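Read the structure below first, then the notes.
The values are calculated or read from the model by the stated rules, or taken from the named source; none is laboratory data. Because the structure is a prediction, the values reported are computed rather than measured. Backbone-built Cβ (ideal geometry, glycine too); neighbour counts: all protein chains shown. Ligands, DNA and RNA are excluded from the accessible area calculation, which covers all protein heavy atoms including side chains. Shrake-Rupley method; radii C 1.70, N 1.55, O 1.52, S 1.80 Å.
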Amino acid sequence: MRLLYVVATYVLFALLFPVLCVHRKTRHGLKQRLGFYGPGDLPKGDGPLLWLHGASAGDLLALAPMFGPLRQRFPGCRIVLSTMTDSGHAMARDRLAKQIDGVVYAPYDLWGATRRAVRALQPDLLVLEYTEVWPNLIRAAKQSGASVVMTNGRFSPANVGKYRTLFGLIENPLKDMDLLLMRQDEESERARALGAPTERVLTTGNTKFDALAAGPAPEDEALRTALGLSPTDPVWLAGSTHEGEEEILLQVYQRLRERWPTLSMVIAPRYLNRAERILTLAKERNLTAGLRSQGNPERAPVVVMDSMGELSRAYRLATVVFVGGSFTKRGGQNILEPAGQGRPVLFGPHMDNFRDSVAVLQGNGGIQVADGEALYAALEDLLANPEHRQRLGAQAEATVRRISGASERNAEAMAALPRRRTRTASP
C-alpha cells in the first residue's frame, strides 16, 4: 500500500511542477527541494543534528522557543530548520540566524528527494510542526535511525475523515512517529483515533504561547519612528487583516477620530502584497495614509505595515488591538500574540481555527464583537476608560503567561527518546 502513495506523489508532482516553479511562495530552492545540497548549505560537526520543520514563517516562529531548551538537553547539537515557502526561508535566514545552525528548503515528499535529504542531513531527530505529516519523509528518517516527533500537533475535526481515508490507503505514517506532542487533550484523542500508538501521544501545549510575552526591546522605538507614531497619542492596531475587513475598520476609525482626533491607526495585512490596496481604501475615505517601508514621512494618521516579522513588536506600541481574519470566513488569526504584550484584544465572530485561544482569552482580556458597530462601541469604551483598558491588558498578559511552558515539556520528552548510537562522517 505504501507503493501506492509513492507512485501517486510522483504523478501529482509531475502535474504540479510547472506551478511550483513559478508560484511566488515556492519558486526558489529547487535543488534543495529535490534533496541536493551545495557546499556550505549544511552545518558541519559531530554533535547531534536536530532537524526542525515548519511549513511557513509562522510555523518556524512557533518552533523558535524550543531552541534553548533543546540545546540544554542535547549539548553540542546543531539545529537546522526547513520550510516550504520562500518567505519562511528568508525569515529564518534573517531573523533566526543567530539561534540556528542552518536553514534549508524542505524536500518535496518524493521517495528519492526525501532519501537524498535524509542522507545529506543525517538527522538524529526530525521534528514536524503542526500537521506536517509527510509519509515519505517520515519513513526515510525512520529508516535512517532518526527519531520522528510531531510538536504543536493538531488534527482539525473537519479533516479527520480525510486523514482516516488517506491513512487507510497507505501505511499509517503516525505509527512511524516516536512522539506526538499535541496542543490539547482533544487533539490527542483525535491522534489516537487516527491510529497513533496511545503511549506515544502526549498533551504538552502550544509552544507559540512561550514566545508571546516577550518584554520591551531597543528596536521598539525605532519601529515607532518608522511607523510615524507619537509616543503620547493613542494607537489602534489592526493585525493580520484580510480582504473585506479593512473597509469596516477604516469606517470605525473615522468615527473614533471624531472624538479622539489624535488617534493613529496601524493596519498590518496578513498578506503584504495587499498594502497598496489598503492605501487606496484609506484615500477613498479621504484619510491620509503611509507605508512603514517608507518610514511614513508625512506622519499620516493611517499607516500600513508592509514589512515582515515586526507585528509582535508593533503590538507593544498599540493602545488597543483588533485581530483580523475574524470578520471574514478565514477562521481568525493569532489573538494570543497581542495578549502576551499586555494589550486588550478585540476580534470578530469567525474564530473557528482558534477556538482554543478564544476559550482561554475571552473574559480574560479578550473581547469578541459581532460586527463593525459592536467593534466601535467596544473601542470607544476602551479608549474612554484607561484604567479598565489597562486592567484588561494585564489580564491578557497574565493569561498567556499561565499557559506557557510547552517548549520545556516538549524538549524534555524528546530528550527521553533513545539516542542514535553511531553516526557516519559528516558531509
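The gain in end-to-end length when the VAL7 to LYS44 segment is fully stretched comes to 9.9 nm, 0.36 nm per residue minus the alpha carbon separation.
Largest GNM mean-square fluctuation among THR207, THR26, THR165, using the chain with Cα springs under 10 Å: THR165. If you line up the long axis of helix 111-121 against the longest principal axis of the chain, both from Cα atoms, how many degrees apart are they, to the nearest 10? The answer is roughly 90 degrees. Accessible area of THR85 (1.4 Å probe, protein heavy atoms only, ligands and nucleic acids ignored): about 20 Å².
For the stretch 142-277, the Kirkwood estimate of the hydrodynamic radius, built from every pair of different alpha carbons, is 19.4 Å. Here the contact order of the chain, divided by its residue count and restricted to Cα pairs under 8 Å and six or more residues apart, works out to 14 percent.
With angles folded into 0 to 90 degrees, how steeply does helix 135-144 sit against the dominant principal axis of the chain? Use alpha carbons for both and round to 10. That helix lies at roughly 50 degrees to the long axis. To the nearest ten degrees, helix 160-169 and the longest principal axis of the Cα atoms of the chain are 20 degrees apart.
Run the numbers on the stretch 1-116 and let me know its relative contact order in percent, using alpha-carbon pairs under 8 Å that are six or more apart. Present the calculation step by step, with values, prior to reporting the outcome.
Working: 154 pairs, mean separation 38.0, N = 116.
Relative CO of the stretch 1-116 lands at 33 percent.
Pairs of Cα atoms nearer than 8 Å and 6+ residues apart set the relative contact order; for the stretch 101-196 it is 26 percent.
Compute the length gained on full extension between LYS329 and ASN286: take 0.36 nm times their separation in residues and subtract their Cα-Cα distance, giving the result in nm to one decimal. Walk me through the intermediate numbers first.
Numbers: separation 43, 0.36 × 43 = 15.48 nm, distance 2.84 nm.
Once the chain is fully extended between LYS329 and ASN286, it gains 12.6 nm.
Close amide H pairs (under 5 Å, H built 1.01 Å from N) link VAL104 with LEU81, SER82, THR83, residues at least 5 positions away or on another chain.
State the extension gain, in nm to one decimal, for the chain segment bounded by ALA359 and SER156, taking 0.36 nm per residue of separation less the distance between their alpha-carbons.
Values: separation 203, 0.36 × 203 = 73.08 nm, distance 1.65 nm.
Contour length minus the Cα-Cα distance gives 71.4 nm.
Divide the volume of the convex hull around the Cα atoms of the chain by the residue count and you get 144 Å³ per residue.
Comparing mean-square fluctuations of PRO69, PRO173, PRO39 from a GNM of the chain with C-alpha springs under 10 Å, the top value falls on PRO39.
Figure legend: label point modelled 7 angstrom from the Cα of ALA14 along Cα→Cβ; no residues of the stretch 90-124 have amide N under 11 Å from it.
In this structure, the amide hydrogen of LEU291, modeled 1.01 Å from its nitrogen in the peptide plane, lies closer than 5 angstrom to those of ASN296, VAL304, counting only residues at least 5 positions away or on a different chain.
Extending 7 Å from Cα along the Cβ direction at LEU272 and again at GLU373 yields two label points whose distance is 3.9 nm. Round to a whole angstrom and tell me the spacing of the C-alpha centers of the stretch 293-307 and the stretch 95-174. Taking the Cα centre of each part, the stretch 293-307 and the stretch 95-174 sit 40 Å apart. Please work out the ratio of the alpha-carbon Rg of the stretch 235-381 to 2.2 N^0.38 Å and round it to two decimals. Ratio of Cα Rg to 2.2 N^0.38 Å: 0.95.
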